[in-house]
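Here's the structure, in structure tokens; my notes come after.
The values are calculated or read from the model by the stated rules, or taken from the named source; none is laboratory data. Predicted, not measured: the structure shown is a model, and the values here were computed from it. Note that each Cβ is placed from the backbone with ideal geometry, even for glycine, and that neighbours are counted across all protein chains shown. SASA here: full protein model, heavy atoms, side chains in, ligands and nucleic acids out. Shrake-Rupley method; radii C 1.70, N 1.55, O 1.52, S 1.80 Å.
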Amino acid sequence: MLPSERYACIAEIIKQTGSAAVETLAKEFDVSVMTIRRDLAKLDQEGIIERCHGGAVIRKETNYQEKKCAHADEKKRIAQKAIEFVQDGDTVFLDAGTTVYEIAKLLPSKKDITAITTDLEIAYFLNQTDVETVICGGLIQKATGSTIGVFVNMMMRDLYVNTAFFGAHSIDANFNILTPTAEKAVMKRTICEHANSRYLVVDRSKFYRQALMRVNSLSAYDGVITDKDFTAEEKEKLDQLGINIIPVSKRM
């Protein structure tokens, strides 16, 4: 088994069981304890698992309130650019996340908007405005305050929207979007297929991070709205992949 295959298997075991001991993993893959420790160190560095004494545990997603405070100014600038792509009368999908929440705060400035979301905080806010609001029912992921699972996916297969805004947990060096759970990966791909226009809204902190599941590539979106400054080498790669970067202003 190649090291990359072993990493994926270890991550899946920890995801399914919640934790795993070094000795148990060494026996499972017929490798030394030192090899497993190096594997866990790599997975921990990439943010996929969290090491603990004698093994590793699944890494939980960051609490919603912690996310809300991080890069707050950047998220507001991204939202100011994103709202330019919403027209009066649109049906808009809003992914869960604090950057998308900032877009939701600007939606009442448009007329006759219908918003569909998986984010409880966004739904609660919009319910107090004139925006017609639809929430996708499903299992509530308590840490992130969003709905996930089979019922969300079933609902989205029958809905079509003018514009969809997505957040991202991580973006790797090859400009793939990654997420911690398979359920979210399936949901995001489904909604992408049911939107006339789709935009990814991410601040610079999301780049060059790892997570367990691939969602899709940045090239799957009509535009990536971000405050990240790209190097000449990165820009060349983005052009080769057909990725449209929509930069935001450095000041409000």
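Below are the figures for this structure:
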read-out: Amide proton proximity set for residue 49, modelled H, under 5 Å, gap of 5+; value: 44
read-out: Vicinal HN-Hα couplings computed from phi for the stretch 160-171 (Karplus, 6.51 cos²θ - 1.76 cosθ + 1.60; Hz; Gly/Pro x); value: 10, 10, 6, 9, 10, 10, 10, x, 8, 6, 8, 9
read-out: log₁₀ of I(q)/I(0) at q = 0.15, 0.16, 0.18, 0.20 Å⁻¹ - the stretch 72-145, Debye sum with one point per alpha carbon; value: -0.45, -0.52, -0.65, -0.80
read-out: Mean accessible surface per residue for the chain, computed with a 1.4 Å probe while every protein chain stays in place, in Å²; value: 50 Å²
read-out: Antiparallel bridge percentage (DSSP; both residues within the chain; nearest 5); value: 40 percent
read-out: Relative compactness, the stretch 146-200, computed as alpha-carbon Rg over 2.2 N^0.38 Å; value: 1.13
read-out: Using distinct alpha-carbon pairs, which all enter the 1/r mean, Kirkwood radius of the chain in Å; value: 19.2 Å
read-out: Computed helical MRE - 222 nm, the chain, DSSP H runs ≥ 4 contributing -39500 (n - 2.57), nearest 500; value: -11000 deg cm²/dmol
read-out: Listed residue (174, 163, 134) projecting farthest to the positive dipole end of the stretch 39-192, Cβ model; value: 174
read-out: Nearest-20 debye value, the stretch 139-227 charge dipole, Cβ charges on Lys, Arg, Asp, Glu; value: 200 debye
read-out: Using θ = phi - 60° and Karplus 6.51 cos²θ - 1.76 cosθ + 1.60, couplings along the stretch 126-143 (whole Hz; Gly, Pro as x); value: 5, 5, 8, 10, 7, 6, 5, 10, 10, 10, 7, x, x, 5, 8, 7, 4, 5
read-out: Calculated Rg and Dmax of the stretch 211-252 using C-alpha coordinates, Å; value: 11.7, 35
read-out: Dipole magnitude (debye, nearest 20) for the chain, charges at Cβ of Lys, Arg, Asp, Glu; value: 460 debye
read-out: Solvent-accessible surface (1.4 angstrom probe) belonging to residue 192, in square angstrom, nearest 10; value: 10 Å²
read-out: Carbon + sulfur, % of accessible area of the chain - ligands and nucleic acids excluded, 1.4 Å; value: 49 percent
read-out: Rounded to whole Å, sorted largest first: equivalent-ellipsoid semi-axes of the stretch 138-252, Cα gyration tensor; value: 25, 16, 14
read-out: Residue-by-residue Karplus 3J(HN,Hα) for the stretch 225-234, coefficients 6.51, -1.76, 1.60, Hz, glycine and proline x; value: 8, 8, 9, 5, 8, 9, 6, 4, 5, 5
